[in-house]
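Scroll down for the structure; my scribbles are underneath it.
The values are calculated or read from the model by the stated rules, or taken from the named source; none is laboratory data. Keep in mind it's a predicted model, so treat the numbers as computed, not measured. Counting neighbours? That spans all protein chains shown, and the Cβs are built from the backbone with ideal geometry, glycine included. For accessibility, only protein heavy atoms count, side chains too; no ligands or nucleic acids. Shrake-Rupley method; radii C 1.70, N 1.55, O 1.52, S 1.80 Å.
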Amino acid sequence: MQTFQHPVEKTTVTEGWQPNIDLLKRTLVPQGVTLYPDPEERLAQVPDEYFDIVTNSHGGLPIRDIARVLRPHGLFVSQQVGATNNYSLSRFLNANYVPAFPDNNLPQVMTELREAGFEILKSDAAFVKMNFTPQFTIQVQHPDD
């Protein structure tokens, strides 16, 4: 694993989406990374107190299961897209828009983490401004061509 400079034989990946599972089997597993396919995103195959660190980027957030697979004093680092992400744009495009995961918001997730025994070391939310720039391609054929 180049990003973390972590030995591959001590690296484990869980993945729920089948195309990514197939990709990981072709790319990381042959290098020595352990893969736990996890289509239900419940970490069911992962042994208790197995990880020192769990990272999660935009995946399912089974907090009680994450607490179960972390060793004592382990770290959980997550980046999520919250329920209100791009809410104004979504409502502009669809007046009946309802977030798919309305409970996926920072206050709710922090409450659930604390209830599961986690100590919050840092939390933050960002609502960045988005700009859309139209791009046009015009093809003109000359009348004499």
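Details
- The mean sequence distance of close C-alpha pairs (under 8 Å, at least 6 residues apart), as a share of the length of the chain, puts its relative contact order at 15 percent.
- Descending semi-axes in whole angstrom, ellipsoid equivalent of the chain, from the Cα gyration tensor: 37, 25, 14
- What you get for the range 51-130, charging only the Cβ of Lys and Arg (+1) and of Asp and Glu (-1), is a dipole of about 160 debye around the Cα centre.
- Amide H partners (placed H, <5 Å) of D38, local residues excluded: E15, G16
- Cβ crowding within 10 Å averaged over residues, with 70-77, 11-18 ranked highest first: 11-18, 70-77
- Within the range 1-111: Cβ-based charge dipole about Cα centre, in debye rounded to nearest 20 (Lys, Arg +1; Asp, Glu -1): 200
- Couplings 3J(HN,Hα) for the range 110-126, derived from phi with the Karplus relation 6.51 cos²θ - 1.76 cosθ + 1.60 (θ = phi - 60°), are 4, 4, 5, 4, 4, 4, 8, x, 6, 9, 7, 8, 7, 8, 7, 9, 9 Hz, where x marks Gly and Pro.
- Candidates N20, N131, N104: whichever shows maximal mean-square fluctuation once the chain is modelled as a Gaussian network with Cα springs under 10 Å: N131
- 3J(HN,Hα) couplings calculated from phi for the range 131-142 with the Karplus curve 6.51 cos²θ - 1.76 cosθ + 1.60 (θ = phi - 60°) are, in sequence order, 10, 10, 10, x, 10, 10, 10, 10, 10, 10, 9, 5 Hz; Gly and Pro show x.
- Of the residues S57, S88, S123, the one that moves most in a GNM of the chain with alpha-carbon contacts below 10 Å is S88.
- Debye log10 I(q)/I(0) for the range 67-145, one point scatterer per Cα, at q = 0.13 Å⁻¹: -0.62
- Based on the Stokes-Einstein relation at 25 °C and a viscosity of 0.890 mPa s, and on the Kirkwood radius from alpha carbon pairs, the range 62-110 is assigned a translational diffusion coefficient of 190 µm²/s.
- The relative contact order of the range 24-80 comes to 34 percent, based on Cα pairs under 8 Å that sit 6 or more residues apart.
- Overall, the accessible surface of the range 105-145 at a probe of 1.4 angstrom is composed of carbon and sulfur to the extent of 51 percent.
- Interchain or long-range residues, amide H under 5 Å from F51's placed H: L70, R71
- Theoretical FRET efficiency, 1/(1+(r/R0)^6), r = Cβ-Cβ of Y87 and Q135, R0 35 Å, to 0.05: 0.85
- Here, the range 6-91 has an Rg and a Dmax of 14.6, 46 Å when only alpha carbons are counted.
- Close amide-amide hydrogen proximity is noted between A83 and N104, N105, each under 5 Å apart and 5 or more residues distant or on a separate chain (H modeled in the peptide plane; Pro and chain starts excluded).
- Karplus (6.51, -1.76, 1.60) ³J(HN,Hα), θ = phi - 60°, over the range 82-88, in Hz, Gly and Pro reported as x: x, 4, 9, 4, 6, 4, 4
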